[in-house]
Amino acid sequence: MRNLVAAVEAIDPLVVTGKVAGVSGLLIESRGGLSRLAVGARAEIGRRGQEPLPAEVVGFRDSKALLMPFGPVEGVAPGADIRIIDQAASVRPTTAWLGRIIDAFGHPIDGKGPLPQGPAPYPLRAPPPPAHSRGRVGERLDLGVRAMDVFTTTCRGQRLGIFAGSGVGKSVLLSMLAKEATCDAVVVGLIGERGREVREFVEETLGEEGLKRAVVVVATSDEPALKRRQSAYMTMAIAEFLRDQDLEVLCLMDSVTRFAMAQREIGLAAGEPPTTKGYTPTVFTELPKLLERAGPGPVRPDGTTAAPITALFTVLVDGGDHDEPIADAVRGILDGHIVMDRKIAERGRFPAIDVLKSVSRTMPGCQTPPERELNKRARQTLAAYANMEELIKIGAYRTGADPIVDRAIALNPALEAFLGQDKEDATRLSDSFTRLEDILNQGMIRE
């Protein structure tokens with residue numbers, strides 16, 4: 001009954017209509033009803049012999065509104081009716097959505113039946129909380145992944161980027177975090193994912209245990225740009241709802257690059273001028289609006305602070321170029337970056353994290369003095385080996401030439417084994433530092 005009442009309240013008594021004036025590529029021009037239109041408004045376009053086509057207003061040109069559809073434009077004819085159905089897209093999530101897989105509209109796609117609707121709507125494009133009314137990052141979060149817990153220690157409410165090329169193991173790393181991180185709920189956004197990999201990620205990589213406390217939002221690469229972009233907004237809206245229920249949320253989004261590509265398609269179709277590598281200005285406007293929605297919760301009027309949204313966003317680096325426009329922009333917004341290296345993956349060490357190039361901006365403040373010392377010693381050892389690695393491999397380095405390098409060579413197998421981790425192998429944060437200390441102390445004993 002409550003859902004029925006909410007649906008009735010959402011009905012707009014004033015129906016606004018227009019007509020299709022033209023179709024150009026993915027863009028549909030509309031005339032009529034402009035006095036009630038705004039950018040972001042939702043509409044339905046009539047099609048011959050087919051269901052109405054959902055669309056969104058993305059701009060205006062002279063006396064016409066520019067709409068982009070959420071589906072194929074086949075069947076749209078000149079003069080077809082356009083009906084405005086919503087001025088601001090929203091979703092009504094509940095905690096019963098945990099364990100479910102949904103699309104960009106919040107519709108279930110897992111075959112488990114309809115989703116219950118919550119009483120309060122959450123806008124898909126909500127503004128980030130004001131900076132002056134946000135809490136600070138909390139205590140550190142146990143992620144269950146040794147390389148990250150030790151070398152990029154993450155605090156609750158922190159936002160990190162995972163920078164890697166395709167096929168380096170980002171999805172497996174995200175599944176490890178979804179299953180093992182010490183949080184209350186997980187929201188996973190698969191943006192522009194390969195269609196065949198969705199079930200593999202959910203059933204095998206994430207698994208039944210990981211799915212129980214997660215909501216998975218899916219928009220595959222073959223879907224229109226608007227749906228891919230909206231799936232990112234849907235991911236953040238659900239995370240914000242769970243945060244408001246005082247649940248500590250881990251938000252995982254794969255990938256921000258595909259969100260930016262979708263926004264680029266929309267901007268170019270609407271007539272925006274391309275800039276660096278074809279990305280339009282709105283791409284760099286939308287990125288911080290999306291990423292800043294994660295982080296520490298806002299301070300409530302009673303003085304309490306809402307639970308945090310800890311977020312990890314993957315970034316596809318084009319050809320290994322970590323200075324390409326999206327990677328550079330995202331790195332400047334987030335609170336740290338984790339670099340995954342294809343060369344490390346090729347030699348069989350997963351997760352393929354290059355700890356020497358990875359940074360958490362809450363460090364070293366979130367580590368104790370003994371932990372900071374361990375981290376420093378480990379980094380020095382790894383750096384010494386990395387600097388001489390080519391000479392060591394070709395046999396040009398002579399043992400005894402440098403005692404620091406000698407120690408690095410002796411410890412390298414143990415350190416590589418420490419950094420490598422099977423996806424079913426979870427190590428708690430305190431145990432990770434203990435294991436690292438044992439490795440480094442063994443090296444001192446041998447000396």
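Consider segment 212-232 and keep the residues that are in contact with a Pro (Cβ under 9 Å, 6 or more places away or on another chain) and either modelled with pLDDT of 95 or more or open to solvent by 10 Å² or more (accessible area, probe 1.4 Å) (or both). The one that is farthest from L26 (Cα to Cα) is V215. Out of the residues in segment 236-264 that are farther than 26 Å from V168 by Cα and assigned to a helix (DSSP H, G or I), state the one that is farthest from the chain's Cα centre (by Cα). Step by step, filter segment 236-264, then rank; the result is D244.
Number of residues in segment 155-187 that are farther than 24 Å from A237 by Cβ, part of a helix (DSSP H, G or I), in contact with a Lys or Arg (Cβ under 7 Å, 6 or more places away or on another chain) and open to solvent by less than 10 Å² (accessible area, probe 1.4 Å) equals 1. Filtering segment 294-325 to residues that are in contact with a Lys or Arg (Cβ under 9 Å, 6 or more places away or on another chain), open to solvent by less than 60 Å² (accessible area, probe 1.4 Å) and over 17 Å from V168 (Cβ atoms) leaves A294, G295, P296, G297, P298, A306, A307, P308, I309, T310, A311, P325. Looking at segment 123-142, can you tell me whether even one residue there is touching a Phe, Trp or Tyr at 6+ places or on another chain (Cβ under 7 Å), touching a residue at least 24 places away in the same chain (Cβ under 8 Å) and not in a loop (DSSP other than H, G, I, E, B)? Checked segment 123-142: no residue is touching a Phe, Trp or Tyr at 6+ places or on another chain (Cβ under 7 Å), touching a residue at least 24 places away in the same chain (Cβ under 8 Å) and not in a loop (DSSP other than H, G, I, E, B). Tallying residues that are buried (at least 21 other Cβ atoms within 10 Å of the Cβ) and either more than 27 Å from the chain's Cα centre (by Cα) or not in a strand (DSSP E or B) (or both) within segment 42-59 yields 3. Residues that are touching a Lys or Arg at 6+ places or on another chain (Cβ under 6 Å) and in contact (Cβ under 8 Å) with a residue 40 or more places away in the chain were ranked within segment 328-367; the one that is farthest from G295 (Cα to Cα) is V339. Within segment 60-71, restricting attention to residues that are in contact (Cβ under 8 Å) with a residue 60 or more places away in the chain and either within 27 Å of the chain's Cα centre (by Cα) or open to solvent by 10 Å² or more (accessible area, probe 1.4 Å) (or both), the residue that is nearest to Q263 (Cα to Cα) is M68. Looking at segment 294-316, is at least one residue assigned to a helix (DSSP H, G or I), without any contact (Cβ under 8 Å) to a residue 40 or more places away in the chain and among the hydroxyl-bearing types (S, T, Y)? The answer is no, given that none of the residues of segment 294-316 is assigned to a helix (DSSP H, G or I), without any contact (Cβ under 8 Å) to a residue 40 or more places away in the chain and among the hydroxyl-bearing types (S, T, Y). Looking only at segment 167-208, residues that are more than 26 Å from V91 (Cβ to Cβ) and of a type in the set (D, E) come to 3 in all.
Looking only at residues in segment 191-211 that are of a type in the set (V, I, T) and surrounded by fewer than 21 Cβ atoms within 10 Å (Cβ to Cβ), the one that is nearest to A104 (Cα to Cα) is V198.
Of all residues in segment 109-129, those satisfying the criterion of being open to solvent by less than 60 Å² (accessible area, probe 1.4 Å) and within 16 Å of G189 (Cβ to Cβ) are D110, Y122, L124, A126. Filtering segment 345-362 for residues that are more than 23 Å from the chain's Cα centre (by Cα) and not in a loop (DSSP other than H, G, I, E, B) leaves a non-empty set. Of all the criteria given as (1) at pLDDT 90 or above; (2) in contact with a helix residue (DSSP H, G or I) (Cβ under 9 Å, 6 or more places away or on another chain), the one not satisfied by P114 is (2). On the stretch given as segment 387-418, residues that are of a type in the set (G, A, S) and closer than 19 Å to D354 by Cβ total 3.
The values are calculated or read from the model by the stated rules, or taken from the named source; none is laboratory data. The structure presented is a predicted model; accordingly, all values stated were derived computationally and were not measured. For neighbour counting, all protein chains shown are included, and Cβ atoms are generated from backbone atoms with ideal geometry for every residue, glycine included. Side chains are part of the model used for accessible areas, which takes the heavy atoms of the whole protein and leaves out ligands, DNA and RNA. Shrake-Rupley method; radii C 1.70, N 1.55, O 1.52, S 1.80 Å.
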